[in-house]
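Only one structure is covered here, and it is reproduced in the block below.
The values are calculated or read from the model by the stated rules, or taken from the named source; none is laboratory data. Remember, predicted model here, so these are calculated numbers, not experimental data. Reconstructed Cβ throughout: ideal geometry from the backbone, glycine too, with neighbour counts over all protein chains shown. The area values use the complete protein model at the heavy-atom level, side chains included, leaving out ligands, DNA and RNA. Shrake-Rupley method; radii C 1.70, N 1.55, O 1.52, S 1.80 Å.
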Amino acid sequence: MLIGNRNFDLENNCYVMGILNVTPDSFSDGGRFNNIDSALKQTEKMLSDGADIIDIGGESTRPDYVQISDGEEIERIAPVIEAVKQRFDIPVSLDTYKYTVAEAGIKAGADMINDVWGLKYDNGEMSRFIAENNIPCCLMHNRTDKNYTDFFNDMISDMAETVDIALKAGIDRDKIILDVGIGFAKSYGNNLEAIRRLDEFKNRLGFPVLLGTSRKSVIGLTLDLPVNERLEGTIATTVAGVMKGVSIVRVHDIKANARAIQMTLAIMKGLE
């Protein structure tokens with residue numbers, strides 16, 4: 001898949017997407033990188049640590065987050081995207097579910113849209129925008145409740161609806177990545193099951209998969225640890241994801257996860 005000016009072999013490799021939240025209230029790093037200088041320094045560090053894509057978000061999606069206006073989100077993300085693209089040769093993903101923000105972000109230089117509502121937030125505006133501009137996208141599983149009849153099959157059905165929206169809007173199949181949505185509309189057990197069955201998720205839907213577990217509550221609940229002590233748990237989920245065939249992991253701690261991916265792939269592939 002071409003993202004920006006770089007080709008990604010999503011069938012045979014796993015890549016690192018570095019998280020850059022330009023927000024005051026994200027659950028893990030809120031307020032740390034919400035000015036251009038700090039955002040650029042963090043981007044430089046993530047690149048030196050091995051990031052392949054930078055994912056920039058201007059609105060927190062932590063539990064009980066407060067939705068901000070499109071205008072405020074654009075004010076947060078557009079200058080940072082412009083600055084990152086001017087200074088670094090790196091594909092940039094924009095984490096938003098609002099098409100007006102997506103428009104501003106792509107105009108500022110973003111190469112990809114990461115939609116946590118899987119094209120279901122609006123009335124088709126986001127899917128049409130992505131299709132018309134031939135942009136790669138990551139589409140995440142989400143819903144407004146946790147009322148599942150059969151969790152895994154219901155999740156597959158939900159994602160099939162998202163894929164149908166994308167294809168009917170004209171988004172090319174080879175521009176789509178799917179995300180199981182760890183931590184979104186899922187119980188603790190649901191999250192563990194989604195990770196455990198990532199290979200089945202990928203095989204049944206037929207698209208590359210992104211895994212985003214970094215520092216999330218499923219790790220905190222398992223290990224009984226606060227946000228700033230969840231690195232080892234995150235690495236465990238990264239290794240599990242790579243072994244289940246995921247193509248991208250979205251993380252805060254680049255170097256450790258990149259090394260874990262490299263080692264896991266070496267074990268899986270052997271000598272070449």
Residue count for the range 77-115, restricted to those that are buried (at least 22 other Cβ atoms within 10 Å of the Cβ), out of contact with any helix residue (DSSP H, G or I) (no Cβ under 8 Å at 6 or more places or on another chain) and outside any strand (DSSP E or B) = 2
Go through (1) within 16 Å of residue 209 (Cα to Cα); (2) charged (D, E, K, R); (3) without any contact (Cβ under 8 Å) to a residue 12 or more places away in the chain one by one and return the number of the condition residue 154 breaks.
-> (1)
Would you check if there is a residue in the range 29-43 being more than 16 Å from residue 79 (Cβ to Cβ), at pLDDT below 95 and in contact with an Asp or Glu (Cβ under 9 Å, 6 or more places away or on another chain)?
-> yes
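Right, residue 269: surrounded by fewer than 18 Cβ atoms within 10 Å (Cβ to Cβ) and not β-branched (Val, Ile, Thr) or not?
Details: surrounded by fewer than 18 Cβ atoms within 10 Å (Cβ to Cβ): yes; not β-branched (Val, Ile, Thr): yes.
For residue 269, the condition - surrounded by fewer than 18 Cβ atoms within 10 Å (Cβ to Cβ) and not β-branched (Val, Ile, Thr) - is met.
Would you point out which residue out of 179, 158, 174, 154 is more than 22 Å from residue 53 (Cβ to Cβ) and within 18 Å of the chain's Cα centre (by Cα)?
158
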Those residues that are under 17 Å from residue 240 (Cβ atoms), among the charged types (D, E, K, R) and either open to solvent by 60 Å² or more (accessible area, probe 1.4 Å) or not in a loop (DSSP other than H, G, I, E, B) (or both), I need them from the range 143-195; list them, please.
-> 179, 193
Quick one: is residue 118 small (Gly, Ala, Ser), out of contact with any Asp or Glu (no Cβ under 6 Å at 6 or more places or on another chain) and open to solvent by 10 Å² or more (accessible area, probe 1.4 Å)?
-> no
Of the residues in the range 227-263, those that are in contact (Cβ under 8 Å) with a residue 60 or more places away in the chain, buried (at least 17 other Cβ atoms within 10 Å of the Cβ) and part of a helix (DSSP H, G or I) come to 241, 242, 254, 257, 258, 261
Of (1) closer than 13 Å to residue 17 by Cβ; (2) touching a residue at least 40 places away in the same chain (Cβ under 8 Å), residue 80 satisfies all except one. Which?
-> (1)
Which residues, taken from the range 202-217, are in a helix (DSSP H, G or I) and more than 27 Å from residue 123 (Cβ to Cβ)?
-> 202, 203, 204, 217
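Taking residue 219 as the residue in question, decide whether it is among the aliphatic types (A, V, I, L, M), crowded, with 16+ Cβ neighbours inside 10 Å and under 24 Å from residue 47 (Cβ atoms). Before you say what the answer is, go through the steps one by one.
On the way: among the aliphatic types (A, V, I, L, M): yes; crowded, with 16+ Cβ neighbours inside 10 Å: yes; under 24 Å from residue 47 (Cβ atoms): no.
In short, no.
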